[in-house]
Amino acid sequence: MTEISAMFVRKQVSEARNVSDKAALYTLVGLTEESARAPDAKITTADYFTLLEKIAESEWPDPAFHMRVCAGMRCEEFGAVGLAMKSAPTLRHAFERMHRYARLYNSSSAFAVEDKGNVYCWTHRRPQPARLGNYLSNEAALATFLTLCRESSRPDLKPVRLQFAHRREGSTTALTDHFGIEPIFDQEIDGMQFAVEDVDRASPIGDLGIWKFFSDHLESTLPPMETEPDRLAAQVIEEVAGLLSGGVPQLAEVAGRLGLGTRTLQRRLSDGGKSYQELVAEARRRLARKLLRRSEYSLAEIAFLTGFSEQSAFTRAFKRGEGITPRAFRQSTLSTAHAG
């Protein structure tokens, strides 16, 4: 299941200027202000979308909080990835590596670059569940990248074209203000185009030696690239996990949330050696393991949240997949945590 760092949660909540009860926003995604500060704290993308939608509701019809968050981002907050970008001699150097390094802090998106001669393109793809939270998150993905580009090149950098695959209601004034250009919606893919002279301009703070140091380090830590079938399977698992509390979703529902036809999704999974039933089972196992590590959920509640109508059916399925009962798994996990 794809997850979002609680760092982004804290930043979005801090910019929720029209929400007086910030604690309620943390509760909405299963966190507290204190627990959100843990370095490894994360939430699911579905919960993150819910948070964005709640904050947007407080500013509608002119949501601007996510652009305020993006404008305040700094390279250092992204560790070695951000420092590699900041030290790049030119934006071209950064672009040529960053579409791969972005996997280290954003595992749900696929970035790519393309040199078209007169313009340089940075594109973004992510599953497109038709909900406002996803649209806001996609807008923020490009806005954050532009902010980091500005820090490493010049503060008035702006793209010559900005486009998004989604169609969004509400004012887009905040987007225009941040990017310096009006966005175009309902396109094939998210993306920005930059003038080649901006991409090749020497960075005033770039350092080839430092850039190579961080780049070499990142190359050694990059996880293997997922194949397209692997990526699609991961997306299906994530969508299923987010819907399980309402029962096992139909293939058609998941296909629609991914912007695919039912037969297309079925064929692509089959081509990758996967079946929908296998991925549903994996989604259940992953969600069950996650919930069993949290003592506030009873076994009956976990059975419901993983799409089972009875606790006994959940127990049998979990033991069949894990070789251990849910109760024994929980006791083992909690014992290990206490011992640590």
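The values are calculated or read from the model by the stated rules, or taken from the named source; none is laboratory data. Just so you know, these numbers come straight off a predicted model, no measurement behind them. Cβ placement follows ideal geometry from the backbone for every residue including glycine, while neighbour counts extend to all protein chains displayed. Protein only, heavy atoms only, side chains kept; ligands, DNA and RNA dropped before computing areas. Shrake-Rupley method; radii C 1.70, N 1.55, O 1.52, S 1.80 Å.
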Legend entry - region 202-290 - percent relative contact order, Cα under 8 Å, separation 6 or more: 31
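Rounded if a/c is under 1.5, else prolate if a/b is larger than b/c, else oblate: which is region 173-324, with a ≥ b ≥ c the root eigenvalues of its Cα gyration tensor?
prolate
Nearest 20 debye, what's the magnitude of the dipole of region 27-108 about its Cα centre given +1 on Lys and Arg Cβ and -1 on Asp and Glu Cβ? Before the final figure, lay out the partial values.
On the way: 10 positive and 11 negative charges, 118 e Å.
The dipole magnitude comes to about 560 debye.
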Inset, instruction - Report, to the nearest whole %, how much of the accessible area of the chain belongs to carbon and sulfur atoms, 1.4 Å probe, protein only. - result: 49
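Would you mind working out the accessible area per residue for region 109-173, using a 1.4 Å probe, and quoting it in Å²?
Normalised by residue count, the accessible surface of region 109-173 is 38 Å².
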Inset, instruction - Whole number in Å², please: accessible area per residue of region 230-274, 1.4 Å probe, ligands, DNA and RNA not counted. - result: 48
Inset, instruction - Work out the length of the dipole vector of the chain about its Cα centre, built from +1 on the beta-carbon of each Lys and Arg and -1 on the beta-carbon of each Asp and Glu, and round it to the nearest 20 debye. - result: 1000
Legend entry - Of ALA84, TRP60, GLY30, farthest towards positive along the dipole that unit charges on Lys, Arg, Asp, Glu beta carbons give the chain: GLY30
Inset, instruction - Using Cα centres only, tell me the gap between region 270-296 and region 1-76 in whole Å. - result: 26
Legend entry - Restraint check, LYS86/LYS116; LYS42/LYS212; LYS274/LYS319; LYS11/LYS54; LYS86/LYS158; LYS54/LYS86, Cα-Cα greater than 26 Å: LYS42/LYS212; LYS54/LYS86
Inset, instruction - Give me the accessible area of GLU151, 1.4 Å probe, in Å² rounded to the nearest 10. - result: 50
Legend entry - Zone of VAL19's modelled label, taken as backbone nitrogen in region 51-68 under 14 Å from a point 7 Å along Cα→Cβ: 51-60, 63-67
Legend entry - Distance (nanometres) between label positions extended 7 Å along Cα→Cβ at PHE185 and ARG74: 3.4
Legend entry - Cα-centre dipole for region 224-290 with unit charges at Cβ (Lys and Arg positive, Asp and Glu negative), debye to 20: 200
Legend entry - Cα gyration tensor category, rounded, prolate or oblate, for the chain with a/c compared to 1.5: prolate
Legend entry - Dipole-positive endmost among LEU232, THR221, LEU244 within region 207-313 (Cβ charges, Cα centre): LEU244
Legend entry - With Cα atoms, 0 to 90° folded angle of helix 326-339 axis to the chain main axis: 60
Inset, instruction - Once you've got the GNM for the chain with C-alpha springs shorter than 10 Å, pick whichever of GLU15, GLU296, GLU139 has the biggest mean-square fluctuation. - result: GLU296
Inset, instruction - Compare the Cα positions of HIS99, VAL13, VAL69 along the charge dipole of region 1-101 (+1 at Cβ of Lys, Arg; -1 at Cβ of Asp, Glu; about the Cα centre) and return the one farthest towards the positive end. - result: HIS99
Inset, instruction - Pull out a ≥ b ≥ c, the square roots of the eigenvalues of the alpha-carbon gyration tensor of region 104-227, then state rounded if a/c is under 1.5, prolate if not and a/b is larger than b/c, and oblate in the remaining case. - result: oblate
Inset, instruction - With r as the distance between the Cβ atoms of ARG131 and ARG100 and R0 = 25 Å, compute the FRET efficiency 1/(1 + (r/R0)^6) and round to 0.05. - result: 0.30
Legend entry - Nearest-10 value in Å² for the accessible area of GLU182, using the 1.4 Å probe: 140
